[in-house]
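J.: First the structure, then my questions, so here it is.
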Amino acid sequence: MFVILCLCLLNLRATNSINLKDLNIPAEHLPYVFNSYPNIAKSCAEDLQCPYKALAEIKACWGYEATCERSNSYHVRPRCPGDHRGWVKTKEAQYETFFTQADFGYIKEQISELMVMCEPSYPHDSSLECSKYLRFCRGRNLMLNFTGLIGRGDNLRYKSDILGPGQIGGYCKFYSDRLKKEAEHFSQLQSWASELQNFVRTPSRPVVDGLCDVTIEKPTYIMKLDATVNMYHHFCDFFNLYASLHVNSTHASTFSRDNHILVWETFTYGSAFQDTFKAFTVNPIWDLKKFRGKVVCFKNVVFPLLPRMIFGLYYNTPLIYGCERSGLFHAFTKHILHSFDIKSDIRENDKVRVTLLSRGTTYRTILNEKEIVEALLKVKGYHVQRVVYDRTVPFAEQLEITHNTDVFIGMHGAGLTHLLFLPDWAAAFEVYNCEDPNCYADLARLRGLKYVTWRDKTKLVQQDQGHGPGGGSHAKFTNYSFDVEEFLRLVEECAAYVRERQDFKNFIEASAEKRKHEEL
């Protein structure tokens with residue numbers, strides 16, 4: 001117990017160094033923060049200008065806290081209406097499996113697995129603790145030596161030798177055998193094994209004894225990124241970073257953006273989705289070039305969950321059959337939308353907003369798209385728009401369009417990742433899954449949305465056999481025409497679902513009331 005308490009204290013900033021104004025938290029998430037960190041609730045109660053006093057009275061917990069009761073856990077909870085197909089024996093076990101695989105139960109599991117690798121004895125000592133297989137780690141007063149990067153160029157990515165023997169360490173009681181035992185998952189985007197395999201006990205305390213050329217005072221998140229050009233893969237990075245905030249939630253400062261993010265490569269970071277990092281930090285994104293040739297001390301460092309972990313979140317989540325709607329995914333959506341200040345537009349009418357995402361790519365285009373759009377425009381109950389999400393459309397504008405959509409339509413492709421940011425009542429129509437049936441169906445299931453895709457192959461025409469990268473045929477590398485009547489039928493299936501949702505009805509009624517109030 002002493003070790004656990006000691007490590008927690010070493011991974012915090014002083015309790016009076018953070019207040020509500022420092023946190024990037026949607027208002028609807030504040031009850032969870034207030035219950036987790038009573039000092040934040042107290043500061044709000046004592047602040048005459050704090051508008052959230054009533055929220056401090058709500059009993060709420062995320063779902064991973066030791067004392068969290070299910071009735072008080074995050075308000076969006078999993079549903080398991082379908083058959084589990086023999087995975088488990090009871091409905092309760094089905095629910096618990098989904099909760100642990102894909103919801104805040106996964107966070108609870110990571111926290112429960114945390115093991116001390118580097119045990120401090122005094123306040124200025126180093127510390128390191130990691131979850132199983134070194135999926136997530138956090139440390140205090142650690143030394144990282146980047147002198148080995150001199151002369152290695154600017155194209156280092158997914159390398160297992162960024163740090164050599166003895167180039168990472170701290171002053172502590174080091175449990176080397178324990179660390180080696182957990183280094184089984186060695187792939188670069190699966191664990192931190194390749195970096196931590198070289199951990200050593202330093203001869204003295206890195207920070208106070210001046211072992212480093214540079215000391216970083218603010219908390220730093222070190223990240224190994226997936227494909228940054230692809231929204232689906234890059235959002236695996238952002239989602240796992242958000243999940244890591246919760247794993248690291250020993251203090252409310254985990255939701256502060258006054259920190260640093262260091263990308264673990266020498267490429268200068270750039271992406272069409274890079275503004276998403278503003279949800280996590282107010283500071284510029286660093287890469288390894290910043291510290292080449294230097295020995296750096298990090299007072300507080302986090303090695304977050306990675307995007308391609310075995311049985312990890314999002315990319316490799318082994319979803320049990322019959323369940324849907326993850327509170328963790330819902331909370332991530334709200335966090336991102338809050339950070340971009342994306343709001344739901346007041347509706348002028350009760351029409352279902354239909355957005356067709358058009359692909360400006362060589363493959364997977366809808367050859368008769370113009371005919372389909374013209375047919376959709378004739379449906380009186382729809383408000384239809386065709387969009388192209390490319391670099392000419394700022395990402396915040398893309399999110400605003402998506403969040404104000406009721407039926408989101410697109411061919412199989414990374415752009416369908418936008419379904420994460422649809423309203424809760426929405427439906428996603430993956431026009432054709434191109435023989436990859438689970439990818440976006442699972443993402444919609446995690447988000448808790450209705451999902452529809454083309455079912456009758458006799459009512460589509462494939463342009464040719466497809467030209468895969470290896471020379472063979474593949475359904476992802478060609479284009480398609482679709483039967484217009486069947487297309488309209490599937491859109492109406494989605495629209496009918498939206499119209500029946502009580503939250504959609506409530507929003508339409510609230511919009512009408514607000515318009516009436518504004519007119520008065």
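The values are calculated or read from the model by the stated rules, or taken from the named source; none is laboratory data. Not measured: the values here are computed from a predicted model. Don't worry about glycine lacking a Cβ; one is built from the backbone with ideal geometry, like all the others, and counts go over all protein chains shown.
Residues checked against (1) crowded, with 16+ Cβ neighbours inside 10 Å; (2) modelled with pLDDT under 95:
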residue	(1), (2)
T362	no, yes
I366	yes, no
V373	yes, no
K378	no, no
G381	no, no
V384	yes, no
V387	yes, no
D390	no, yes
Q398	yes, no
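Okay, residues lined up against (1) at pLDDT below 95; (2) touching a Lys or Arg at 6+ places or on another chain (Cβ under 9 Å); (3) under 22 Å from K132 (Cα atoms):
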position: C8; (1), (2), (3): yes, no, yes
position: H29; (1), (2), (3): no, yes, no
position: I40; (1), (2), (3): yes, no, no
position: C50; (1), (2), (3): yes, no, no
position: S112; (1), (2), (3): no, no, yes
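J.: Go over the candidates S191, S112 one by one and state the one that is of a type in the set (S, T, N, Q), buried (at least 20 other Cβ atoms within 10 Å of the Cβ) and within 30 Å of the chain's Cα centre (by Cα).
T.: S191
J.: Looking at segment 359-371, I want the residues that are farther than 25 Å from P469 by Cβ and of a type outside the set (A, V, I, L, M, F, W, C) and have a partner that is modelled with pLDDT of 95 or more and not in a loop (DSSP other than H, G, I, E, B) with Cβ atoms under 7 Å, at least 6 apart or on another chain. Which pairs are those?
T.: Filtered contacts from segment 359-371: N368/S481; N368/F482; E371/V484.
J.: Would it be correct to say that H335 is touching a residue at least 40 places away in the same chain (Cβ under 8 Å) and either in a helix (DSSP H, G or I) or more than 22 Å from the chain's Cα centre (by Cα) (or both)?
T.: yes
J.: Report yes if I320 is within 30 Å of H383 (Cβ to Cβ) and among the β-branched types (V, I, T), otherwise no.
T.: The answer is no for I320.
J.: Restricting to segment 291-321, and then to whatever is part of a loop (DSSP other than H, G, I, E, B) and of a type in the set (S, T, N, Q), can you tell me which residue is modelled with the lowest pLDDT?
T.: N316
J.: Still on this structure, I have one more. From the set of residues in segment 401-411 that are surrounded by fewer than 23 Cβ atoms within 10 Å (Cβ to Cβ) and in contact (Cβ under 8 Å) with a residue 60 or more places away in the chain, which is farthest from S326 (Cα to Cα)?
T.: My answer is N404.
J.: Then there is this: Can you tell me which residue is nearest to E348 (Cα to Cα) among those in segment 483-506 that are under 29 Å from the mean Cα position of the chain (by Cα) and of a type in the set (A, V, I, L, M, F, W, C)?
T.: Residue satisfying both the conditions and the ranking: F504.
J.: So which strands (runs of 3 or more DSSP E) are wholly in segment 206-272 and hold at least 3 residues that are touching a Ser or Thr at 6+ places or on another chain (Cβ under 8 Å)?
T.: Passing ranges, in order: 260-263.
J.: Of all the residues that make up segment 46-80, how many are among the hydrophobic types (A, V, I, L, M, F, W, C) and touching a helix residue (DSSP H, G or I) at 6+ places or on another chain (Cβ under 6 Å)?
T.: 9
J.: Which of the residues belonging to segment 137-160 are under 19 Å from K299 (Cβ atoms) and among the hydrophobic types (A, V, I, L, M, F, W, C)?
T.: Those that are under 19 Å from K299 (Cβ atoms) and among the hydrophobic types (A, V, I, L, M, F, W, C): C137, L142, M143, L144, F146.
J.: Would you point out which residue out of H403, H383 is touching a helix residue (DSSP H, G or I) at 6+ places or on another chain (Cβ under 7 Å) and not acidic (D, E)?
T.: That would be H403, the only listed residue that is touching a helix residue (DSSP H, G or I) at 6+ places or on another chain (Cβ under 7 Å) and not acidic (D, E).
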